[in-house]
Structures are given as structure tokens and as C-alpha cells.
Amino acid sequence: MGANGSKVTAQDKAILDMKLQRDKLHQYQKRITVLTTKETEIAKQMLAKGDKPRALLALRRKKYQETLLSKTDAQLEQLEQLVSSVEFAQIQKDIVFGLQQGTRVLQEIHREMGGIEHVEKLMGETADAIAYQKEVSEMLGGQISNADEDEVEDELAALEAEVAAASESGLVSAPVSVPAEADGHVRINLPEVPSGKLSARVDEEAEPEREARVALPA
């Protein structure tokens, strides 16, 4: 590199590392939206079946993922401000440590998120699915704060009310059964169609009226 060439400093490297982490985090945020939506739907399905424990597990997993992403995003935003500060040299070790932590958290997010197949295991009844549910429940035990648990309980109660309302609505607006013939075809009762020509029948009905008009005196 020439004498006038720019030199990559530790600060430049830290800025690049931070930007890469934020890009990765934003990718995970897009992916996790699909998963959390699925987890909410699974919670509703479990409540409709009366399986409250599995519904709660799905919502707790969802809350954990959302909280993890939110905390990591806030941490990276703070690091971004520190990296750009003039005191970088004095706080370089703290920033590097923070970036290392961010990397570990991103790896944890990637590992914990899995995919749709992992989410669907939350409502499975096979031995493998039950073992996975137990593993997730134990992992979440020490990861979710009391405040987050309260929010999960509130969301569960709201979903219970929503499912109950949907169930009642379904009972009120039950589908009308349509009788079927022996051959399985649906029988639909329609008005009878006149067998004769419409114009001929109209003429026949109008004939007495014309005769009456002719018989009247001028």
C-alpha cells in the first residue's frame, strides 16, 4: 500500500463488524415474523382444542424470540453510537466485547428459531414432538422475565376470548344442510317452469278481457 493509501483502523473494522451484525439481525427479524405469526395460529388451534398448556408454550416461545431480537437491536444501536464517538480508543475493548456478545446472541437466535417444522412440533403428539416441547419449556424457564410472563398470560387470555367468540359465532351461523339424493347429488328446489309457451298463455288469459271491452256500448 502506498504512503498516501488509507489504512484500515480498528475503528473502521468495528464499524464494519457492527453493520454486518445489524444486517444479519434485520434478516432474522423478517424471518421471525413468519414464525411468530405461525406460533400465534398454533396457540389459537390449541385453545380451540382445549389444550391450554401447548397454547401457552407457543406464546412463550414467541415472546422469547421477540424479546431476544429487541434486546439485540437495542444493544447494536448503542454500539453504533459508541463506535462513532471520538473516545473510541478509550472504549475499544468494551466495544469489541459488545460485538462479540452480539455475535453470540445472533448465533443463539439462529439456533433457537429453527424453522416452521420446529414451530409445528409445538402442537405435535409424537414422542419426538413431546420431547421437543419439554426441551423448549425447560429452556424458557430461565429466559423469560416475570414481566414478559405477565404479557404472555394477557395475550393468552385475549386469544381465549377471541377463540370463544369465534366458536359462539360459528354456532349461531351454522351452515344450512342441503338435502341430497340417494346418488349423492345435491337436490335444489326451484320453482316449476311453465310447460306451455308464455306468449300463448298470456293471450288466452287476456281474451275474456278483450271480449268484455267489445261488448261495452260506445
Among the residues of the range 36-63, write down those that are crowded, with 22+ Cβ neighbours inside 10 Å, more than 11 Å from residue 123 (Cβ to Cβ) and touching a Lys or Arg at 6+ places or on another chain (Cβ under 8 Å). none
Of the residues 133, 45, 65, 81, only one is at pLDDT below 80 and part of a helix (DSSP H, G or I); which? 81
Return the residue satisfying two criteria in turn: it lies in the range 7-28 and is surrounded by 15 or more Cβ atoms within 10 Å (Cβ to Cβ) and among the polar types (S, T, N, Q), and of such residues it is farthest from the chain's Cα centre (by Cα). 11
Any residue at all in the range 188-204 that is assigned to a helix (DSSP H, G or I) and either modelled with pLDDT of 50 or more or within 30 Å of residue 44 (Cα to Cα) (or both)? yes
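The values are calculated or read from the model by the stated rules, or taken from the named source; none is laboratory data. Every value quoted in this text rests on a predicted model; they were computed, and no experiment measured them. All Cβ positions, glycine included, derive from the backbone under ideal geometry; neighbour counts span all protein chains shown.
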